[in-house]
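**Q** One structure coming up, written as structure tokens, with questions to follow.
Where a number appears in this text, it was derived from the coordinates with a stated rule and is not lab data. Please read all numbers here as calculations on a predicted model, not as lab measurements. Don't worry about glycine lacking a Cβ; one is built from the backbone with ideal geometry, like all the others, and counts go over all protein chains shown.
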Amino acid sequence: MDTTNITNGIGKSQERREDFRFLTGAGSYIDDMNLDGQAYATVLRSPEAHADVSSIDITEALALDGVLAIITGEDWKVAGYNPIPTKSAVRKAIDGSDLKEPPHHPLAIDRVRYVGQPVALVVAESIDVCKDAMELIDVDYDSLPSVSHQSEAIKDGAPQIWDIAPNNICLDFELGDQKAQKKAFSEADHIVTLNLVNNRVTAVPIEPRGALASYDAGTGKYTLWNASQNIHAGRDTIADAVLGIGKENLHHIAPDVGGGFGVKNGVYPEPILILHATKLLERPVKWFNDRSESFLSDTHGRDQVSTVQLALDKDGTFRGLRTETVGNLGAFCATVGPFTPTGGSSRTQGGPYRFDAIYYTAIAPFTNTCPLDPYRGAGRPEGSYQMDRIIDYAAAQLGMDPIELRRKNLIPTEDLPMKSPMGLDIDCGNFPEVFEQTIAMSDRDGYDARVQKSAAAGKKRGFGISMYLECTGGGPKEEAKVSFREDGKIDLSVGSSSTGMGHETAFAQILAGHLGLEIDDVVFRQADTEATAIGGGHGGSRGLEVGGSAVLQTSREIVEAGKKIAAHKFDVDADKVEFSEGHFHVPGSNHTMTMREAIDAQNDPDMLPDDMEPGALNISSVFERGIISIPNGGHAVEVEVDPETGTIKVDGYWVMDDFGTIINPMLADGQVMGGVAQGLGQALMENIVYDDGGQLVTGSLMDYAMPRADDMPRMVIGYYEDAPTAKNLLGVKGAGEAGCVGAPPAIVNAVCDALKDFGVHHIDMPLTPERVWRAIEDAKAS
Amino acid sequence: MYEFDIITPNSIDAAKSEFDAAEDGQFLAGGQTLIPVLKQRLAMPSDLIDLEHVHGLSGISASGDTISIKAMTRHTEVAADHEVQAAIPALAKLANGIGDMHVRNRGTIGGSIANNDPAADYPAAVLALHATIVTDRREILADHFFTGMFETALEEGELITEIHFPIPEAASYMKFANPATRYALVGVMVAKSHNNVRVAITGAGPCVFRDAEMEQALMGNFSPESIKDGMIPADDLNTDIHASREYRAHLISVMVRRAVAEAVG
């Protein structure tokens, strides 16, 4: 039997088909794209955190040779476009009133509210001319008091950023049963309280944001190539909600995109501005951020301060959990901004642990900082950090063993399926087993010897664990469209989009594996509003869950249609035909037909039954997810701390993930490692800092520390595959965000374990060497 | 960047006359600081005089008790040079820890010293090893060369041609890297020769500096125990989001102790 057809199947570590293109510079990113007659645009950004714009003088700049247009807030007001709306799923405050949504125009109108806010768009024959012109624009700012930190913003007397939002509060939020939580707290033996900072970070995708716009005056149609991870939703917002040009008149395409992590999910000002400019000038217009602008203007993530309280009994049984969060929104409601500290951070409260009751509240204020929007995990990392940190903290306070405390309180398998106190539909999993496997893989037997070895070198070794539970998200629907070309190639278009995660491989793997065809024949197309009618882009670890399921669903429909062709040839009823390993056959007969033969037959009317049209195997299908899935797992970490300098070395890392079915272990490993790198970055070094005047202190890679390869530990990754979910066709649970959900609490737990002899039981992220050193010194002094 | 002319002379004399002729000329060595500065539009020279093709400005030689490194020698070459590795291993280690591979392949010792970035590595070596900086017009002792933040004793148009490093009995460089840039948050070069000990500290203050108290203590007893916490007052040290002046003061003591321990072997 020819076995080549089945080697591409699910579960194989198929090498990434896109890597050769990416790694040899053959990718096509925005900055690689150029159109005839193209002009260039740059954005003049506010140097002020909060100021009235009393005048903008563009006379000199406009007179510069090569300058084509300068667009200011005044022009935008005249043009009469609508502001960019937020799509936050949480839209009501606790009292039922609407969230306060200030008008978010692409250019500042009359007032600026954060450093980096676009003030004018300059279009010229070259980027150098744009920059020369920007230096000649004279903006008069009348400075106003500003506020950078959310805890300051909600205080009486704080500078007011929007008239519609008293005390700068956009909305407040609650979830859970407050009465039951209070009861659990009143009955519990202990209540442990911990204040936590979830530090503000930014994604730093390797490709900054950029876009290229063109306009066809003949047809009235626009084309926008955009480094975006969500082009269908973005098209609807830009074309319908903001510009009012009709979404049918905007062809929105994301070419190769170099990293997203949520930061390219939202609708930003700049692509809208260049769409306006391309029509105005009837020339293509290209804009591309430099790295410094990315720090100023890419939406930031996290930035929550929380008080977490754990109520537990003497024997360690968890009774109740109470979390109060203040989550920074920045100066505007970004695309999903208000959702993150509210709904996004509430759903996974409590993690995989059993509670009588949980009650979560949040306040989401505006500040004079860059808007915040989802960053990998968007709320689940915050929830996981709160849960797994307070377990270790409580264990330290009460003299308990953090491992035993977890073992005692994990939701037992017999409780599943269940609805969590937060309303989360936990259908399947085996938390105790995943926990025991995480412990088992992490070489506990050799630990004491390693502690001794570290001690001999003057170092402190510590071990930490976290058991994360998260949930997927993003748009519930996805389309997968397949058409077979005469040359044997197979066009596969999917509405999910990859910003480097490997869809071109995994989706092709599912299609080719299911149909018994060659993966190399699959030509992948994504992120194009003309390739698929709908598309949910990339976000919420939804790629395989929704997009992959759509590919499988389309594959199945192709097989069913193929059975009819085979039945026609075999002259039997279609329900007698079976399909396996790329072949249609009838059990008990010699009839056989390959998928490739059926594909060849689909364009020959003689080969088709009467009720089939030529091209019947070219199928598009939409999969709709019912309920989001629940990825979960354990992270175990060993660290070695140099108490003299406060330096942390992450010296061992073990992960056991329950992502349901694993399609391509190599891609899953990549997701976990990348997620852990970002989680490690947040735990140990990444930190966006604004000073009290609202200036961004960490405005470049000279100040914003990120992990490098030599900061990363050797990782051992395992998968628990015995609990596939029935919520989607593949049984997958979403792998994309889990790494950065599990990593921060596990790493901080390990550091606090290493420092327990000093009496250090908590340090706020990022655990920089100085913070660690100070914590030790402070503990020694007290 | 703003527009400028680029000139590529092939002799020191030609480079000097091009500099003199330029309205606002600037020498370009490895460009690892200058090019980013130009890209950010933070400098506007009329002419860049590229030293890349100037004859006789690159190479390493050893003679008796001295290692001589020409100004345009790349960090990679210093790191990999067998004579440097044998005579002053601390210098090879220092060079190998500058920036990343790309920076080390382009950056030059002369460029680094002339720029005198307060967080650069080389100034600590030049100062601790009691090097002599040779220019197109004179010789300058290290003690007189580094005059302030990004400031040196170099005169307008003066060009470093070579640095002479006396070979010490023992030396060690310990660097605590800034987590973002991997420049020195604190970098310490300790060098011992003929009962003389020199301790040079970079990254911690506005300019590389020596510490007399630590040197005296180490001349009395060249041992880590000689270095006590608090020997360096924090008052004049740098403070930023990565390290407060108190933490830098602490790190200096730790790094000097570790350098001495390594030098003692």
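**Q** Hey, if you put +1 on the Cβ of every Lys and Arg and -1 on every Asp and Glu Cβ in the protein assembly as shown, which of A:Asn82, B:Ser11, A:Leu273 ends up farthest toward the positive end of that dipole?
**A** The Cα lying farthest towards the positive end belongs to A:Asn82.
**Q** Under 10 Å, Cα contacts only: if you run a Gaussian network model on chain B, which one of B:Pro224, B:Pro123, B:Pro36 comes out with the highest mean-square fluctuation?
**A** Of B:Pro224, B:Pro123, B:Pro36, the Gaussian network model singles out B:Pro36 as fluctuating most.
**Q** Gap in Å between the Cα centre of region B:49-66 and the Cα centre of region A:503-555?
**A** Each part's Cα centre sits 58 Å from the other's.
**Q** Taking only complete DSSP H runs, can you tell me which helices of chain A stretch 30 Å or more along their own long axis by Cα positions and average at least 0.5 on the Kyte-Doolittle scale?
**A** Span-like helices here: none at all.
**Q** While we're on this one: Once the other residues with Cβ under 9 Å from the Cβ of A:Ala512 are scored (Lys, Arg +1; Asp, Glu -1), what is the net sum?
**A** Net charge in that neighbourhood comes out at -3.
**Q** Just to be sure I understand: with springs between alpha-carbon atoms less than 10 Å apart, which residue in B:Ala71, B:Ala95, B:Ala153 has the highest mean-square fluctuation in the Gaussian network model of chain B?
**A** Result: B:Ala153 has the largest fluctuation of those listed.
**Q** Hey, another quick one. Given N residues in region B:5-50, what is Rg(Cα) / (2.2 N^0.38 Å)?
**A** Rounded to two decimals, the normalised Rg is 1.11.
**Q** Taking the number of other C-beta atoms within 10 Å as the exposure measure, put A:Arg542, A:Arg625, B:Arg137, A:Arg111 in order starting with the fewest.
**A** B:Arg137, A:Arg111, A:Arg625, A:Arg542
**Q** A further question on this structure: In nm, give the distance between the simple-model label positions of B:Asp240 and A:Gln695, each being 7 Å from the Cα along the Cα-to-Cβ direction.
**A** Going by the 7 Å Cα→Cβ label model, 1.4 nm.
**Q** Taking 0.36 nm per residue of separation and subtracting the Cα-Cα distance, what length does fully extending A:Lys489 through A:Glu174 add?
**A** 108.2 nm
**Q** Here's a follow-up. Using the Cα atoms as the points, what is the convex hull volume per residue of region A:95-149 in Å³?
**A** 138 Å³
**Q** What number comes out for the charge environment of A:Asp189, summing +1 per Lys or Arg and -1 per Asp or Glu over other residues with Cβ under 10 Å away?
**A** Here the charged neighbours net out to -1.
**Q** While we're on this one: Which value in nm describes the separation of the simple spin-label points at B:Tyr2 and B:Asp136, placed 7 Å from the Cα toward the beta carbon?
**A** It works out to 2.3 nm between the two label points.
**Q** Note down the magnitude of the dipole of the protein assembly as shown about its Cα centre, charges +1 on Lys and Arg C-beta and -1 on Asp and Glu C-beta and zero elsewhere, to the nearest 20 debye.
**A** 2520 debye
**Q** Let me ask another. Given the options B:Phe145, B:His194, A:Val257, identify the residue whose Cα lies farthest towards the positive end of the charge dipole of the protein assembly as shown (+1 on Cβ of Lys, Arg; -1 on Cβ of Asp, Glu).
**A** Towards the positive end, the residue furthest out is B:His194.
**Q** Under the definition of partner shielding as Cβ atoms of other protein chains within 10 Å of a residue Cβ, what is the mean value for peptide A:760-770?
**A** 2
**Q** Dividing the convex hull volume of the alpha carbon atoms of region A:336-471 by its residue count, what do you get in Å³ per residue?
**A** Value for region A:336-471: 165 Å³ per residue.
**Q** In whole angstrom, how far apart do the alpha carbon centroids of region A:710-782 and region A:54-82 sit?
**A** Spelled out, the Cα-based centre of one part sits 49 Å from the other.
**Q** State the volume of the convex hull built on the alpha-carbon positions of region B:170-264, expressed per residue in Å³ and rounded to an integer.
**A** Taking the convex hull of the Cα positions in region B:170-264, it is 80 Å³ per residue.
**Q** Which FRET efficiency value, to the nearest 0.05, is calculated for B:Thr181 and A:Asn34 with the Förster distance at 51 angstrom and r the Cβ-Cβ distance?
**A** Computed FRET efficiency for B:Thr181 and A:Asn34 comes out at 0.95.
**Q** Shifting gears a bit: What angle do you read, to the nearest 10 degrees and between 0 and 90, between the alpha-carbon axis of helix B:245-264 and the longest principal axis of chain B?
**A** 80 degrees
**Q** Evaluated at 25 °C with a viscosity of 0.890 mPa s, what Stokes-Einstein diffusion coefficient in µm²/s does region A:249-294 have when Rh comes from the Kirkwood expression over alpha-carbon pairs?
**A** 197 µm²/s
**Q** Can you list the equivalent-ellipsoid semi-axes of region B:60-166, largest first and in whole Å, using the square root of 5 times each Cα gyration tensor eigenvalue?
**A** So the three semi-axes of region B:60-166 are 20, 16, 12 Å.
**Q** So if I average 1/r over every pair of distinct C-alpha atoms in the protein assembly as shown and take the inverse, what Kirkwood radius in Å does that give?
**A** 31.7 Å
**Q** Follow-up question, since we're still on this one. Given region A:462-601, report the % of alpha carbon pairs whose separation exceeds 25 Å.
**A** Counting every Cα pair in region A:462-601, those more than 25 Å apart make up 37 percent.
**Q** Give, in nm to one decimal, the length gained when the segment between B:Met231 and B:Gln216 is fully stretched (0.36 nm per residue of separation minus the Cα-Cα distance).
**A** Full-extension gain reported as 4.3 nm.
**Q** Which entries of A:Lys87/A:Lys286; B:Lys175/B:Lys228; A:Lys314/A:Lys460; A:Lys155/A:Lys264 show an alpha-carbon separation above 21 angstrom in the structure shown?
**A** Pairs exceeding the cut-off: A:Lys87/A:Lys286; A:Lys314/A:Lys460; A:Lys155/A:Lys264.
**Q** Can I ask one more? Tell me the net charge near A:Ala567. Cut-off is 9 Å between Cβ atoms, A:Ala567 excluded, with +1 for each Lys or Arg and -1 for each Asp or Glu.
**A** Neighbourhood net charge equals +1.
**Q** Let me ask another. Which loop-located trypsin sites (Lys or Arg not before Pro) does region A:677-776 contain, where loop means any DSSP state but H, G, I, E or B and the Cβ has at most 15 other Cβ atoms within 10 Å?
**A** In loop regions of region A:677-776 (DSSP not H, G, I, E or B), the sparsely surrounded trypsin sites (Lys or Arg not before Pro) are A:Arg708, A:Arg714.
**Q** Among A:Gln229, A:Val197, A:Val129, which residue has its Cα positioned farthest towards the positive end of the charge dipole of chain A, with +1 placed on the Cβ of Lys and Arg, -1 on the Cβ of Asp and Glu, and the dipole taken about the Cα centre?
**A** A:Val197
**Q** Moving on. Per residue of the protein assembly as shown, what 222 nm ellipticity follows from adding -39500 (n - 2.57) for every DSSP H run with n ≥ 4, rounded to the nearest 500?
**A** Using -39500 (n - 2.57) per qualifying helix, the result is -8000 deg cm²/dmol.
**Q** Among B:Glu18, B:Glu23, which comes first, then next, by fewest other beta-carbon atoms within 10 Å?
**A** Taking fewest neighbouring Cβ atoms as first place, the list is B:Glu23, B:Glu18.
**Q** Evaluate the Kirkwood expression for the hydrodynamic radius of chain B, namely the inverse of the mean inverse distance over all pairs of different C-alpha atoms, and round to one decimal in Å.
**A** 18.8 Å
**Q** For the Cα atoms of chain B, what angle does the longest principal axis make with the long axis of helix B:12-21, in degrees from 0 to 90, nearest 10?
**A** The two axes meet at around 70 degrees.
**Q** Taking only Cα atoms and a 10 Å spring cutoff, compute GNM fluctuations for chain B and point out the largest among B:Lys192, B:Lys16, B:Lys70.
**A** With Cα springs under 10 Å in chain B, the top fluctuation among B:Lys192, B:Lys16, B:Lys70 is at B:Lys16.
**Q** I need A:Lys419, A:Lys576, A:Lys460, A:Lys489 ordered by Cβ neighbour count within 10 Å, fewest first.
**A** Ordered from fewest to most neighbouring Cβ atoms within 10 Å, A:Lys419, A:Lys576, A:Lys460, A:Lys489 come out as A:Lys419, A:Lys489, A:Lys576, A:Lys460.
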